[in-house]
Amino acid sequence: MDRVYNFSAGPSALPLAVLEKAQKEFINARNTGMSVMEMSHRSKMYLEIINEAEQLLRDLMNIPDNYKVLFLQGGASLQFSMVPLNLFRKFKKADFVNTGQWSKKAIQEAKRFGVANVLASSEDKMFTYIPDLNKEDFSSDADYFHITPNNTIYGTRFSNIPDTGDVPLVADMSSCILSEDYDVSKFGIIYAGAQKNIGPAGLVVVIIREDLIGHADESTPVMLDYKTHADKGSMYNTPPTYGIYIAMLVFEWLKKLGGIKAIEEYNIEKANILYDFLDNSKLFKGTVVKKDRSRMNVPFVLPTAELDKEFIAKAAESGLVNLGGHRSVGGMRASIYNAMPIEGVKKLVDFMKEFELSKA
Ligand SMILES: *Cc1c(COP(=O)(O)O)cnc(C)c1O
C-alpha cells in the first residue's frame, strides 16, 4: 500500500522527510554505530541531540531566556495534575474557560487540589464556539488562568488570547503548538503532548516561566515537581530519548520550511480550502461558528449518520484515512496539522465534491 493522507487527530501524520531521515539514521545515527534508541541518555552524542532540540524550539517559538523548556512524559494529561500541584500556592484557586473535554479534564484535576472557577463555558452548544470573556469576571486571587487555545475534538480556536495581567496564563497547546505565532511571554506555562504537531506519543513539552518553578508543596512526588526536571535539564531520570530525537528532526524540518510564520500562512491556506468548500456545499456542513474555527481540526457533518459512515468508508478506500469524528461527537473531522501537505487537503475537497455530486 502507498502512503495515505492521514487525517488522524493524534497520534498524527509526521512529515515524510522526517521519517525518511529517521529511517536513514535508524541503525547507525551520526556515525556512532548505533541507533538513537540504543544510546545512553548521558552520552555526549545524545546530549547534543537534546540540546539541539531545545535550541531549535527556542528559535522557532522565540522563547525568552527566563523560560525553561522541559521534555517530560505522561502526556498532556499529566500536566492537568502537575500544573495545580506546582502553581497552587497562595490562593489554591484557578480560573478556567471550559471549551471542551480537555478543558474539563484540566478542571477536574485542579479540583482535587483546590478551587477550579469556571469563568465561561460553551457546553450549552456542544462546544461549537469560544465563549466571550469578561475581564471583570477574572479572579484577582487566582494562582493561574487556564485555557485550551485549540480544541481538538470540537474544532474551535481562541483567536484572542486573554490578557490575565499578573495571573499566570497556562495553555494546553497540544493541538496547536508550532502551528501559529504565539507570544510566549504572554504565558506562564505552555504545555503540549507531542503526538499532534511535534513528534511521537510519549513526550510532552513544557515551556515554563522560571519564577513559577520551585513552589510545589513538600508532599509533591519528586517526578511531579517541575523543579526536579528544570534542575536536571530533563535528565532527572531517563527522558523519552527517541521521541525527543524525532521532535528535533521535526523542528529542523520546520525551520527549513521558513519557521512559524511560514507554516502559519500555509496552515491558513489549507484550512481556507476546506472551509470555503464547506461554506458552499449543499450537502456538507461545518459545525463550528465561523469566527472560532480551528485551523488544525475541521469537523463537519452530512445530513445523516448513515451518509457519514458511507463517506468515511469510501474516503478511506481512496487513501484519505482517519476522517471519523471523535467517538463522543460523531460526524467527520479532518485534522490538518503542520505535517499535512496542501495536496492532501485538495484531494480531500475533490473527493467531497465527487461524493456530493454522486448524491445529487
Ligand atoms: C490530545 C490532547 C490531550 C491529551 O493528550 P495526552 O498526551 O493523550 O494526555 C490534551 N489536550 C489536548 C488539547 C489534546 O489535543
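Restricting the stretch 1-53 to chymotrypsin sites (Phe, Trp or Tyr not before Pro) that sit in a DSSP loop and have at most 15 other Cβ atoms within 10 Å of their own Cβ leaves Phe26.
Note on the stretch 154-214: Kirkwood hydrodynamic radius from all Cα pairs is 12.6 Å, rounded to one decimal. On the basis of the beta-carbon distance and an R0 of 30 Å, Asn134 and Ser219 show a calculated FRET efficiency of 0.25.
Sparsely packed loop sites in the stretch 216-280 (the trypsin sites (Lys or Arg not before Pro) outside DSSP H, G, I, E and B with at most 15 other Cβ atoms within 10 Å) comprise Lys232. Counting neighbouring beta carbons within 10 Å and listing from fewest to most, the residues Leu60, Leu178 come out as Leu60, Leu178. Here the residues His215, His229, ranked from fewest to most Cβ neighbours within 10 Å of their Cβ, fall in the order His215, His229. Inverting the pair-averaged 1/r between distinct Cα atoms of the stretch 17-257 gives 18.6 Å as its Kirkwood hydrodynamic radius. Based on alpha carbons, the Rg and Dmax found for the stretch 1-157 are 20.4, 61 Å. Farthest toward the positive end of the dipole of the stretch 17-257, out of Gln79, Met39, Ala216, is the Cα of Met39, where the dipole comes from beta carbon charges about the Cα centre. Running a GNM on the chain with Cα contacts under 10 Å, which residue among Asn51, Asn98, Asn150 ends up with the highest mean-square fluctuation? Its mean-square fluctuation being the largest, the pick is Asn51.
Residues Arg58, Arg3, ranked from the fewest to the most other C-beta atoms within 10 Å, line up as Arg3, Arg58. Relative to its Kirkwood radius, the Cα radius of gyration of the stretch 65-159 gives an Rg/Rh of 0.97. For the stretch 119-237, the normalised intensity computed at q = 0.13, 0.23 Å⁻¹ comes to -0.61, -1.41 (log10 of I(q)/I(0), Debye sum over alpha carbons, equal scatterers, no solvent).
Every number in this text was worked out from the coordinates using simple rules, so none of it is lab data. The structure displayed is predicted, hence computed values, not measured ones. Heads up, the Cβs are rebuilt from the backbone with ideal geometry, glycines too, and the neighbour counts pull from every protein chain shown.
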